[in-house]
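For reference, the structure is listed below as structure tokens.
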Amino acid sequence: MNLVLERLADKTTPVDVIVTADTRGNYIEHMIKRCGGNALRVPDGYKAFGALKNIVRDSYEKAHSIAVALDGPLGPRHEPKKLAFYLSEHAEEAFVGISLSYSSCIRLTRRWDKYVIPLPFTTVDVAVKDYGIVQKKAIPNLPVNADAASEEIYVAQTI
């Protein structure tokens, strides 16, 4: 996703990425800033409600894009949480899904998220689809990677 964030940073309004407020978020925030994004630190659990309320309020006041991992900071993998759809519904903004596939990579299979490290000269396929305003009670079927996407816009990047 860092490649996608780097491409978006120059072509769209500022991209804010929702990141956990714990120690893991420190590392993620550093990577996001290097790619031209801005991290929004949100605590886990019930404390998140106040921070999310402020994010929705701020989205009315300024033009910016918000990015969030659909399966959350701790999974389970490929099961979307309702946060992104909540933000789409309350901010009345379109939900845009981004899926990735790699021609060759190392996949860390012992992690819950099967973290991927692309190898040199890998082609990364990015599928982007605009779902419009999505309600948290009507979550659409989402592809798990760019290969599973059917009608999206594709962008290929070799690293």
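Just so you know, all these numbers are worked out from the coordinates, no wet-lab data involved. Being a predicted model, the structure only gives us computed values, none of them experimental. FYI the Cβ positions are ideal-geometry reconstructions off the backbone, even for glycines, and counts take in every protein chain you see.
The table for this structure:
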quantity	calculated
Ranked GLU79, GLU6, GLU89, criterion: other C-beta atoms within 10 Å, fewest first	GLU79, GLU6, GLU89
Fewest-first sequence of LEU40, LEU83 by Cβ atoms within 10 Å of each Cβ	LEU83, LEU40
Cβ crowding within 10 Å averaged over residues, with 90-103, 130-143 ranked highest first	90-103, 130-143
Between helix 23-34 and the chain: long-axis angle, C-alpha atoms, 0 to 90°, nearest 10	70
Prolate/oblate/rounded call for region 1-148, Cα gyration tensor, a/c under 1.5 rounded	rounded
Calculated P(r) of region 33-107 - Cα pairs past 16 Å, %	59
Centre separation in Å (Cα based) which lies between region 96-145 and region 1-39	16
For region 96-107, 3J(HN,Hα) per residue [Karplus equation, 6.51 cos²θ - 1.76 cosθ + 1.60, θ = phi - 60°, Hz, x = Gly/Pro]	10, x, 10, 10, 10, 9, 10, 6, 8, 7, 9, 10
Sequence of LEU8, LEU3 once ranked by neighbouring C-beta atoms within 10 Å, starting from the fewest	LEU3, LEU8
For LEU40, distant residues with modelled amide H under 5 Å away	VAL17, ILE18, VAL19
Debye, to nearest 20: dipole size of the chain, +1 on Lys, Arg Cβ, -1 on Asp, Glu Cβ	540
